[in-house]
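Reviewing the structure listed below.
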Amino acid sequence: MTFASLPKENAVPMDFLLNETDSEAGAKPAGEDTEMAITARHDSALLDAYSQTVVSAVQRVAPAVVNIDIKQRVNVRRETHELSGNGSGFIITPDGFILTNSHVVHAANSITISLPDGREYPAQLTGDDPDTDLAVIRIDAPQLTHVRLADSEKLQVGQVVIAIGNPLGFQASVTAGVISALGRSMYAQSGRLIDNIIQTDAALNPGNSGGPLVNSAGEVVGVNTAMIRPAQGICFAIASNTAKFVAGWLIKEGKIRRSYIGVAGQNVPIHRRIVRFYGLHVGTAVLVVSIEKNSPAESAALREGDLIVAFNGQPIASVHDLHKVLVGEQIGVNATLTVVRHTEKLELPILPAESRQ
């Protein structure tokens, strides 16, 4: 802000201004200037602490964030064309496994990784899971920095988070914001509903896909996956707990063979009286939002509004817990689903089927 200077002939003597302030306008209460100075220093310290937090987190994670360039051959009218694309990823093990989005590397004919120090390596696809929009690729390179994946169940709305990636080709770009909401759902390109999505206002753009969403401790809490183009500050990331589970199977088997029961759900708290009355081991459950037709859930007479609290006696506190128990070994095996319907606790027999995705 700029201030216009008074012409010299209209200038007011400084001593007159001081006298005017002290006598006619009234002197400031004793100590007010001191309080303002202390407040200013406090605000400055808070801003500096916030800056230091972001800087520290970026310094820990940025060396593990990579740029992914892909080439894909497609046939159009009997002619072969090569398409190029790019995204982000981050190294999760010291021996070169990299986590990214499925839509970044799916159907790629070649994948090239650029490290922050300028090195480039070809990468091989280890495993791809379009149902959660996650994929693992691997490079053979020495001296790699890797990240730690945090427990996303401990996240809170309003918590500071940082996104690191390569938006629009601008490598190692950093944005910061807060967690806007937890437990969102969104559809993957495969058509499957992905639950336990993190919403954030940390700005994302094309090219950020597959990059890490980081907490103030420099731990990865999510995998950046999407933004709503017409909106501002509405971006999404796949929770780190989902990413850990999926990445483990992709590294071990190269794919995930799932069972499913055919429900869409969201995490909700259970009334304390119900928790005490039935002696439940958890205070949250999976609220059944919708049920697929001709699904195991429909055959088991599950209803919208039911609260899933256990599967085969194992407590279910979240959608992530339900995903963890619906593994390949559960396909075609009789199971029991424990639900709370209104105030009644029910045991429903259910036969999980193999996921059709």
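The values are calculated or read from the model by the stated rules, or taken from the named source; none is laboratory data. Remember, predicted model here, so these are calculated numbers, not experimental data. As a convention, Cβ positions derive from the backbone with ideal geometry for all residues, glycine included, and neighbour counts pool all protein chains shown.
Applying the set (1) in a loop (DSSP other than H, G, I, E, B); (2) under 22 Å from the mean Cα position of the chain (by Cα); (3) under 21 Å from Gly165 (Cβ atoms) to Ile137 leaves exactly one unmet item: (1). Among the residues of segment 288-295, at least one is without any contact (Cβ under 8 Å) to a residue 60 or more places away in the chain, within 23 Å of Arg258 (Cα to Cα), in contact with a helix residue (DSSP H, G or I) (Cβ under 6 Å, 6 or more places away or on another chain) and in a strand (DSSP E or B). In the set Val74, Val66, Val55, only one residue is at pLDDT 70 or above, under 30 Å from Ile91 (Cβ atoms), in a helix (DSSP H, G or I) and within 40 Å of the chain's Cα centre (by Cα); that residue is Val55.
Each row is one residue, and each column tells you yes or no for (1) farther than 19 Å from Thr175 by Cβ; (2) surrounded by fewer than 10 Cβ atoms within 10 Å (Cβ to Cβ).
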{"residue": "Ala45", "(1), (2)": "yes, no"}
{"residue": "Tyr50", "(1), (2)": "no, no"}
{"residue": "Ser56", "(1), (2)": "no, no"}
{"residue": "Ile70", "(1), (2)": "yes, no"}
{"residue": "Arg78", "(1), (2)": "yes, yes"}
{"residue": "Gln124", "(1), (2)": "yes, no"}
{"residue": "Ala141", "(1), (2)": "yes, no"}
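Yes or no, residue by residue, for (1) out of contact with any Pro (no Cβ under 6 Å at 6 or more places or on another chain); (2) modelled with pLDDT of 95 or more; (3) farther than 16 Å from Gly210 by Cβ; (4) surrounded by fewer than 16 Cβ atoms within 10 Å (Cβ to Cβ):
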site	(1), (2), (3), (4)
Asn166	yes, no, no, no
Gly177	yes, yes, yes, no
Ser180	yes, yes, yes, no
Leu193	yes, no, yes, no
Asn196	yes, no, yes, no
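Filtering segment 333-357 to residues that are touching a Gly at 6+ places or on another chain (Cβ under 9 Å), part of a strand (DSSP E or B) and over 16 Å from Gly262 (Cβ atoms) leaves Thr336, Thr338, Arg341. If you go through segment 178-217 and keep only what is part of a strand (DSSP E or B) and either within 23 Å of Pro116 (Cα to Cα) or free of Cβ contacts under 8 Å to residues at least 12 places away in the same chain (or both), you end up with Tyr187, Pro212, Leu213, Val214. Count of segment 323-347 residues, restricted to those that are without any contact (Cβ under 8 Å) to a residue 60 or more places away in the chain, surrounded by 18 or more Cβ atoms within 10 Å (Cβ to Cβ) and hydrophobic (A, V, I, L, M, F, W, C), is 2.
To keep it simple, each residue is scored yes or no on (1) outside the structural domain of Asn241 (by TED's automatic domain parsing); (2) more than 21 Å from Gly254 (Cβ to Cβ); (3) not basic (Lys, Arg).
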{"position": "Arg73", "(1), (2), (3)": "yes, yes, no"}
{"position": "Arg77", "(1), (2), (3)": "yes, yes, no"}
{"position": "Ile91", "(1), (2), (3)": "yes, no, yes"}
{"position": "His103", "(1), (2), (3)": "yes, no, yes"}
{"position": "Ile111", "(1), (2), (3)": "yes, no, yes"}
{"position": "Leu115", "(1), (2), (3)": "yes, yes, yes"}
{"position": "Tyr121", "(1), (2), (3)": "yes, no, yes"}
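Among the residues of segment 36-67, those identified as among the hydroxyl-bearing types (Ser, Thr, Tyr) and in contact (Cβ under 8 Å) with a residue 12 or more places away in the chain are Tyr50, Thr53, Ser56. Being closer than 23 Å to Ala335 by Cα, part of a helix (DSSP H, G or I), touching a strand residue (DSSP E or B) at 6+ places or on another chain (Cβ under 8 Å) and assigned by TED's automatic domain parsing to the domain that holds Leu337 is a condition met by no residue of segment 236-259.
For segment 306-321, the condition of being surrounded by 18 or more Cβ atoms within 10 Å (Cβ to Cβ), assigned to a strand (DSSP E or B) and in contact with a Pro (Cβ under 8 Å, 6 or more places away or on another chain) holds for at least one residue.
Looking across segment 119-156, the residues that are over 16 Å from Gly87 (Cα atoms), free of Cβ contacts under 8 Å to residues at least 40 places away in the same chain and not polar (S, T, N, Q) come down to Arg119, Pro142, Lys154. In summary, Phe170 fulfils each of the numbered conditions (1) surrounded by fewer than 15 Cβ atoms within 10 Å (Cβ to Cβ); (2) at pLDDT below 95; (3) within 21 Å of Gln72 (Cα to Cα) with the single exception of condition (3).
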